[in-house]
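First the structure, in the form of C-alpha cells, and then the observations on it.
The values are calculated or read from the model by the stated rules, or taken from the named source; none is laboratory data. In this text, all values refer to a predicted model and were calculated from it rather than measured experimentally. Note that we place each Cβ from the backbone using ideal geometry, even for glycine, and neighbour counts take in every protein chain shown.
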C-alpha cells in the first residue's frame, strides 16, 4: 500500500502527466453532466416504459454504453455509438474499397482523411438512428411524458430533438478526440467505459438490497461471495486481454569494420494476441441475436414461439447460439484485421525471418496457422465470458448486477483500464520512476 501511494505521488510530480489526467477527468465529467440533460418537451419522471425497454437486448447494451442516457431520453441518448458504428463500417470497407486501402498506406495524411470520412459517416448514421429513436419514444411513452399533448406531433419537436441528438453525438465524438489528443488513454473507449461504470453503484445497490432486505437469501455472506467471484472473473478477463503468443523472429544485422564484414543476428518477437478481435465478436453477435426478438413480434404461429425462445437473454437456446456466433465472428474479425501476408512481406523487407521458415509465402502460412490455433481457445474463453451474466442470473443474481460479471461491459472496462495504465506507465518510466505495473522506489536518473 505504501508503494502504491508513493507511485500516485510520483504521477502527481510529473506536470505533463498530471495535466493530461486532470484534463481527461474534466472532459469525462462534462460528458456525464451532458448525459443528464433531457430533450426539450420530455418529462423525465414519465419514462418508465423507455427504461423497461432498455433493460435487455441490443437496446440494453446501447443503454449501458451511454450510461443510462438512452433510457433517460437525454440529448446524449445516442452517445458515441454512431461513431463506433461508423468506425467499424470504415474498417470493414477498407478490405474491399481500393481508395480506403490506399489511405491506410498513406501514413498520417491517410489517417486524417480516414478520420474525416468516419466523422461524416457518423453524422449520416445519426440521421438514421435519431428519427428511429424519436419514433420509438413517441410510440411507447404515454402522453403524460410530454410537456404538451401536441408537442410530440409537431414538426418543431421532431426537428429540435433531431438537431440535439446529432449535436450530442458530435459533441461526444469531439470530447473523445480531445481526450485522445490532449489527455491520457483512448478517448472514445474512456467515454464508453465511464458510461458503463456510471451504472455500477445503482446495480450493486439493487443487488445488496435484494440480498439483505427483509431477510433476503444469503445476506452479507452471499454478497461477499459474489464480490470474490467477480474479482476472479476480472482476473480471467485481464488474462484474456493480455495473453499473447510470441513468435521468435531472427534479424541479420551486418556491419563493416575495415575489410572485415561481421554478421550479428538479433532475435525479437512478434506478439500475436490470444483474443485479437477484442469485443467486436460480442457486438456483432448481439446485433444478430436482436433479430429473433424482432421476428417474434412480427410473425405468428409456431415460429413465433421458436423465435421468442431465442430472444430470451437468459435462456439456453439464446446463449448456445450466442456463444457459437461469437466463435464464428472471432475467426472472421481476426482474419480481416490481422493481415498475415502483409506481416510476412514487411518482415522479409526488413531482413527478418522465423527460424526454420522461409521468408515470404511460407512465413505468411506459418503466421496464419498459429493465429488460427490460438484464436480457437481465445474465442471459447470470450464466449464463456459473454454468457457468464446469464449463468449468474440462474444463481439468483440481479440482472443489472449480473451484467458486470462478463460480456461486453466487463471486457471493455478491463481493456480500457489496461491501455490507460500502460500509457501512464510509459510516462513514469520515461521520468525514471517505477511504473504502475511494478511499483517501488524512485529510480535514480541515468542522466
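In the list 138, 198, which residue meets the criterion of being surrounded by 13 or more Cβ atoms within 10 Å (Cβ to Cβ), under 23 Å from residue 38 (Cα atoms) and under 19 Å from the mean Cα position of the chain (by Cα)? Give the derivation first.
On the way: 138 fails: under 19 Å from the mean Cα position of the chain (by Cα).
Exactly one residue qualifies, and that residue is 198.
From 347, 428, which residue is at pLDDT below 85, touching a strand residue (DSSP E or B) at 6+ places or on another chain (Cβ under 7 Å) and part of a helix (DSSP H, G or I)? Show your work before the answer.
On the way: 428 fails: touching a strand residue (DSSP E or B) at 6+ places or on another chain (Cβ under 7 Å).
Of the residues listed, the single one that is at pLDDT below 85, touching a strand residue (DSSP E or B) at 6+ places or on another chain (Cβ under 7 Å) and part of a helix (DSSP H, G or I) is 347.
Taking the criterion of being in contact (Cβ under 8 Å) with a residue 12 or more places away in the chain, in a helix (DSSP H, G or I) and closer than 30 Å to residue 286 by Cα, would at least one residue in segment 63-70 satisfy it?
yes
I'd like the full set of residues that are surrounded by fewer than 19 Cβ atoms within 10 Å (Cβ to Cβ) and either within 21 Å of the chain's Cα centre (by Cα) or under 28 Å from residue 314 (Cβ atoms) (or both), limited to segment 35-55. Before the answer, list the steps.
First, pick out the residues of segment 35-55 that are surrounded by fewer than 19 Cβ atoms within 10 Å (Cβ to Cβ): 36-38, 40-41, 43-46, 48-49, 51-52, 55.
Correct list: 48, 49, 51, 52, 55.
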